[in-house]
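These notes concern the structure reproduced below.
Every number here is computed from the coordinates shown, using simple stated rules; none is lab data. Bear in mind the structure is a predicted one, so any value in this text is a computation, not a measurement. Here the Cβ positions follow ideal geometry from the backbone for every residue, glycine too, while neighbour counts run over all protein chains shown.
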Amino acid sequence: MSEDSNQGSENSPDVDEFRSGYVSIIGAPNVGKSTLLNTILGQKLAIVTPKPQTTRNQIRGIVTTDTHQIVFVDTPGLMDPKYRLQSEMVRTAYGAIRDADVVLFVVDVAHRNEKIENTIIERLPKAKNCKNILIFNKVDLVDKPSLLPLFEDFQNKFEFDEMIPISAKTGDGVPLLLDKVRSYLLPGPHYFPEDQLSDLPERFFISETVREKIMLITQREVPYATAVVVEEFEKRLRKNSEEIIYIRAIVYTEKQTQKQIIIGKGGKLIKRVGELARHEIEKFLDSRVFLELYVTVKSDWRRDVRKLKELGGFLD
């Protein structure tokens, strides 16, 4: 930990002043960024799978109390991009760094990726008005003595304001992390209403839930060549006057063979995807849901600028 690690507490405003700020969570793919966001919020907002590159967009989760409001920004994993979608994911992640008051740089201590870690360090903001916290995640998977060399290694590479070991999965160390983040917040406004969990629309979380189930069930290139768009979302009344939300979503693939895999023999796989997604969407919306899924092909959508815009606004 650097010598000035406590300056945030000394310079922080009076307790009576409301504090707020944006906190960006960055790191290589699959280091636990989305799990950390969900643990902080106390509920699932970002989809999580064992596969890298699950997160494609910035996902903002909002924590509001009587004394502060923190907007946490989950980002796609940083990598060497191989096609246009990945390039936009990397651009999105670095864009979140530029707008942050605090940056949480997450490292998976069980599976290091030093090349990407060093690339990220080169892009970390060095301005005094942005604090950088290094997070050693997944400490539940390693022996504690093995962390000491990591502290020394990163201390020599960058002057972090804090270095904190945590397990986003178990919650170990997360309360300390939140205390440190709060200590760096400056006086600021409510950016969002007190009861708002995120600024993203319901349709986004519905499409992400469907995509998560596809990623969990399918293998190889299929989950990465898949996009989901909610085409219809409306409340309907059944004959018994029961209200139900009707959702029609389109699953896009790049190839006909991928479409056939997702549909499955006799439609079994897409039916399974729909069942898993519907249960989770009903919990999220707190309502009965009728989910209808269709699968179609949009060739090479990951490499085409126009098609990327059509499938979820990956480009500004």
For region 82-146 versus region 253-316, the gap between their alpha-carbon centres in whole angstrom: 30 Å
Sequence-separation-based contact order of region 202-310, relative, with Cα cut under 8 Å and 6+ spacing, percent: 28 percent
Anisotropy class of region 7-187 from Cα gyration tensor, a/c 1.5 cut: rounded
Cleavage-rule hits (chymotrypsin sites (Phe, Trp or Tyr not before Pro)) in region 32-139: DSSP loop, at most 15 neighbouring Cβ within 10 angstrom: Tyr83
Helix 114-123 axis, angle to the chain major axis (alpha carbon atoms, nearest 10°): 70 degrees
Under the Karplus curve 6.51 cos²θ - 1.76 cosθ + 1.60, θ = phi - 60°, whole-Hz ³J(HN,Hα) for region 160-170, x wherever Gly or Pro sits: 6, 6, 8, 10, 10, x, 9, 10, 5, 6, 8
Globularity index of the chain, i.e. its alpha-carbon radius of gyration over 2.2 N^0.38 Å: 1.06
At R0 = 22 Å, FRET efficiency that the Cβ-Cβ distance of Arg288 and Leu216 yields, to 0.05: 0.40
Those GluC sites (Glu not before Pro) in region 230-275 that DSSP places in a loop and that have at most 16 other beta carbons within 10 Å: Glu242
Cα long-axis angle, helix 147-157 against the chain (0 to 90 degrees, to the nearest 10): 80 degrees
J(HN,Hα) series, region 38-49, from Karplus relation 6.51 cos²θ - 1.76 cosθ + 1.60, nearest Hz, glycine and proline x: 5, 5, 4, 6, x, 7, 7, 10, 9, 5, 9, 9
Inter-label distance, nm, simple model (7 Å from Cα along the C-beta direction), Thr119/Leu141: 2.0 nm
Sequence-separation-based contact order of region 7-187, relative, with Cα cut under 8 Å and 6+ spacing, percent: 26 percent
Relative contact order %, the chain, counting alpha carbon pairs below 8 Å whose residues are six or more apart: 18 percent
